[in-house]
Amino acid sequence: MQNILRTSTLVMFVAFALASCKQENKETATEVSSAESIEEHSKNLNDWFEAQFQEEVKLSPMTQTYLGVKTEDYGKWDDISSKREAEDLERVKRRLAYLNDSVDVSLLNDATQLSYTLMKQDLEDEIEDFQYRFYDYPVNQMHGMQAEIPAFMINMHRISAKSDAEAYISRLNGIDALFTQLVENMKIREKNGILPPKFVFTKVLDDSKNIITGKPFDESKEESTLLADFKGKITSLELSDEENQELIANARKALLDGVKPGYEKLITLLEKQQQRATTDDGAWKFPKGDKFYNIALKRTTTTSMTADQIHDLGLKEVERIHSEMRDIMKQVKYEGTLQDFFKYMKEDKKFYYPNTEEGKAAYLKKAVGLIDNLKSRLDELFITKPKADIVVKAVEPFREKSAGKAFYQRGTPDGSRPGTYYANLYDMEAMPIYQMEALAYHEGIPGHHMQISIAQELQDIPKFRKFGGYTAYIEGWGLYNELLPKEIGLYSDPYSDFGRLAMELWRACRLVVDTGIHAKKWTREEGIKYYATNTPNAESDAIKMVERHIVMPSQATAYKIGMNKILELRENAKKELGEQFDIREFHDVVLTNGAVPLNVLDNLVDEWVKSKETK
């Protein structure tokens with residue numbers, strides 16, 4: 001009986017083992033099948049993302065040039081007509097429909113799910129924002145087409161072959177048609193109640209007239225900006241004298257036949273609109289202006305913060321930074337009030353390079369030295385570093401009077417054009433030596449250059465994420481990196497550390513003034529007075545900043561809100577991880593997913609913290 005039982009038990013055990021083995025094999029096969037399915041669906045969607053990106057690039061000759069791509073469109077401009085905007089909207093709707101109806105999110109890997117979420121949100125925002133497509137000023141002192149088109153020719157249109165020179169000439173001829181569309185767009189905006197305030201017109205008229213000044217437009221000794229650029233670029237080509245002279249003759253003709261009439265049309269409209277413009281500055285003056293500004297804040301900050309919340313945050317941050325500045329006053333043994341110290345920093349010549357060619361050259365040399373020094377310290381703070389190089393340049397004379405204090409221009413993904421940190425040296429009193437460190441770290445390394453270049457060089461995310469952006473993330477990273485070098489011992493000069501605080505203070509004031517102008521009906525003069533009272537910056541700085549707020553509603557709120565979020569996430573991660581916290585790994589999480597909304601960045605850091613805790 002026992003043998004029978006043993007045999008029966010053995011048979012049952014073998015049967016159970018065989019069944020279990022079959023079940024395990026089935027589960028393994030299912031897992032493999034599932035993994036293969038996820039890989040396949042993720043690849044398919046990423047291929048779709050790439051196709052949509054390439055479709056956009058194909059439709060934009062200017063984007064092609066920005067990316068360093070030369071096609072048969074190298075001599076063309078973008079179509080900026082209302083008809084094209086309507087076509088763009090239909091394309092956006094088709095893409096959203098595809099994501100909603102044809103993609104099973106559960107069959108995507110984590111990285112592709114994030115791309116799906118970001119693309120879907122971007123498309124939904126574009127559709128919602130279409131009603132506000134006229135709520136901007138295509139011609140303004142910050143980034144208007146009157147200055148950006150010649151800047152594009154000078155900085156973007158490279159000439160390495162005769163065909164490139166011919167494409168340059170083609171673009172010169174095309175400016176007339178481009179500006180015809182621009183003028184029509186500006187007329188549509190005015191009909192819809194969107195007209196720049198009065199102060200804008202003097203600046204943009206100066207910019208426009210500067211472009212058609214000099215040879216071949218008049219008999220002056222100086223060559224015009226674009227002719228000088230063209231002649232300088234073709235000197236590197238190995239051409240015969242006859243070919244060289246033919247190209248120059250064709251360029252001169254294009255300047256007279258294409259550039260001059262285009263700018264004259266624009267100038268005529270601007271002079272007429274100038275007579276109709278008012279001194280009302282805020283977005284509140286637009287139809288549905290309050291609603292527009294709230295949406296603009298939402299897009300810029302990628303948060304749900306209201307104008308009042310942002311305004312109050314700014315006031316608190318200004319108070320905190322003023323307190324830290326008083327600590328530096330004690331450190332340098334300065335007797336007097338904070339306003340006295342501001343006055344001292346504004347007026348003492350030792351804090352400024354002279355407003356001469358030698359002074360400007362010295363500024364640029366010092367800026368290069370600051371960036372080079374930090375390059376040598378990057379391993380202390382970062383794992384991933386950009387392959388692309390960075391150069392430092394002064395803002396070109398034709399636009400320096402109206403351009404911002406400093407800015408960064410991305411390089412090409414292949415490295416053929418480096419990233420550029422532009423410093424505006426038009427008014428050297430607006431570029432104090434004590435702010436040089438913070439400015440170089442923000443615009444150059446480890447600020448915008450690292451963030452933008454690393455994003456472009458990432459291999460595992462779709463291109464719409466490599467080249468897209470969220471202002472709070474991008475500018476928050478820039479401002480965070482004004483502080484970061486202090487944590488490895490830089491800013492050894494207390495005046496430079498004061499300069500860092502002055503730059504942070506400037507961004508805190510932006511929260512107050514931007515919301516003040518657009519939500520609380522502050523005037524331009526009230527905004528200027530707030531900056532002049534609460535910061536050590538030159539009056540010219542205050543004027544430019546307030547005028548920037550006016551033509552770019554909400555944009556300037558991104559910096560401080562983004563910086564605060566990055567610092568908050570870093571401090572939370574430190575508390576959670578303790579000795580396991582590695583700042584280099586934290587920066588990798590922030591940088592190696594491309595630009596993301598702040599709530600998504602929050603999730604990414606949280607996932608990283610949890611992954612570290614489980615090890």
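The values are calculated or read from the model by the stated rules, or taken from the named source; none is laboratory data. Not measured: the values here are computed from a predicted model. Because the Cβ atoms are built from the backbone with ideal geometry, glycine has one as well, and the counts that use them run over all protein chains shown.
For the list (1) modelled with pLDDT of 95 or more; (2) surrounded by fewer than 18 Cβ atoms within 10 Å (Cβ to Cβ); (3) out of contact with any Pro (no Cβ under 8 Å at 6 or more places or on another chain), I need the number of the one condition that THR112 fails.
(2)
Checking the condition outside the structural domain of ASN424 (by TED's automatic domain parsing), without any contact (Cβ under 8 Å) to a residue 40 or more places away in the chain and in a helix (DSSP H, G or I), which residue from LYS529, LYS574, LYS615 passes?
Only one candidate qualifies: LYS574.
Check whether at least one residue in the range 547-570 is among the polar types (S, T, N, Q), in contact with a Ser or Thr (Cβ under 9 Å, 6 or more places away or on another chain), assigned by TED's automatic domain parsing to the domain that holds GLY468 and within 26 Å of ILE433 (Cα to Cα), and report yes or no.
yes
Which of the following residues is buried (at least 16 other Cβ atoms within 10 Å of the Cβ) and touching a strand residue (DSSP E or B) at 6+ places or on another chain (Cβ under 6 Å): ALA296, ALA367?
Criteria check complete, one pass: ALA367.
Does VAL605 count as buried (at least 18 other Cβ atoms within 10 Å of the Cβ), outside any helix (DSSP H, G or I) and either in contact with a Pro (Cβ under 8 Å, 6 or more places away or on another chain) or among the β-branched types (Val, Ile, Thr) (or both)?
The answer is no for VAL605.
Condition first: among the aromatic types (Phe, Trp, Tyr) and within 21 Å of MET142 (Cβ to Cβ). Now tell me which residues in the range 371-417 satisfy that.
PHE398, PHE407, TYR408
Out of curiosity, is ALA17 loosely packed, with under 14 Cβ neighbours inside 10 Å, at pLDDT below 90 and within 30 Å of ALA111 (Cα to Cα)?
no
Looking at ALA455, ALA423, ALA430, which is the one that is among the small types (Gly, Ala, Ser) and in contact with a Ser or Thr (Cβ under 6 Å, 6 or more places away or on another chain)?
Result of the check over ALA455, ALA423, ALA430: ALA430.
Would you point out the residue of the range 329-388, among those that are of a type in the set (Phe, Trp, Tyr) and not in a loop (DSSP other than H, G, I, E, B), that is nearest to SER453 (Cα to Cα)?
The qualifying residue nearest to SER453 (Cα to Cα) is TYR363.
Determine whether ALA307 is in the same structural domain as THR523 (by TED's automatic domain parsing), out of contact with any Pro (no Cβ under 8 Å at 6 or more places or on another chain) and either crowded, with 18+ Cβ neighbours inside 10 Å or free of Cβ contacts under 8 Å to residues at least 24 places away in the same chain (or both).
Yes; evaluated as a whole, the condition is true for this residue.
If you take the residues in the range 154-172 that are in a helix (DSSP H, G or I) and surrounded by fewer than 20 Cβ atoms within 10 Å (Cβ to Cβ), which one is nearest to the chain's Cα centre (by Cα)?
By that ranking, first place goes to ASN155.
Among the numbered criteria (1) closer than 30 Å to GLU487 by Cβ; (2) at pLDDT 95 or above; (3) not aromatic (Phe, Trp, Tyr), which one does MET345 miss?
It fails just one condition, (2).
Which residue is surrounded by the fewest Cβ atoms within 10 Å (Cβ to Cβ), if the candidates are limited to the range 217-254 and must be touching a residue at least 12 places away in the same chain (Cβ under 8 Å) and among the β-branched types (Val, Ile, Thr)?
Here the residue is ILE248.
I need the helices (runs of 4 or more DSSP H) fully contained in the range 422-515, keeping only those with at least 2 residues that are crowded, with 22+ Cβ neighbours inside 10 Å and in the same structural domain as GLU400 (by TED's automatic domain parsing).
Once the helices (runs of 4 or more DSSP H) in the range 422-515 are filtered for at least 2 residues that are crowded, with 22+ Cβ neighbours inside 10 Å and in the same structural domain as GLU400 (by TED's automatic domain parsing), what remains is 436-443, 448-457, 471-483.
Within the range 581-599, which residues are at pLDDT 95 or above, in a helix (DSSP H, G or I) and not aromatic (Phe, Trp, Tyr)?
Within the range 581-599, ILE583, ARG584, GLU585, HIS587, ASP588, VAL589, VAL590, LEU591, LEU598 qualify.
Name the single residue, out of those in the range 39-71 being at pLDDT 95 or above and among the β-branched types (Val, Ile, Thr), that is surrounded by the most Cβ atoms within 10 Å (Cβ to Cβ).
Here the answer is THR65.
How many of the residues in the range 510-539 are of a type in the set (A, V, I, L, M) and farther than 24 Å from LYS343 by Cβ?
Adding up the residues that qualify gives 3.
Does ALA388 qualify as being within 22 Å of GLN456 (Cα to Cα), buried (at least 16 other Cβ atoms within 10 Å of the Cβ) and among the small types (Gly, Ala, Ser)?
The answer is yes for ALA388.
Given the options ASN185, ASN109, name the one that is touching a residue at least 24 places away in the same chain (Cβ under 8 Å) and assigned by TED's automatic domain parsing to the domain that holds TYR74.
ASN109
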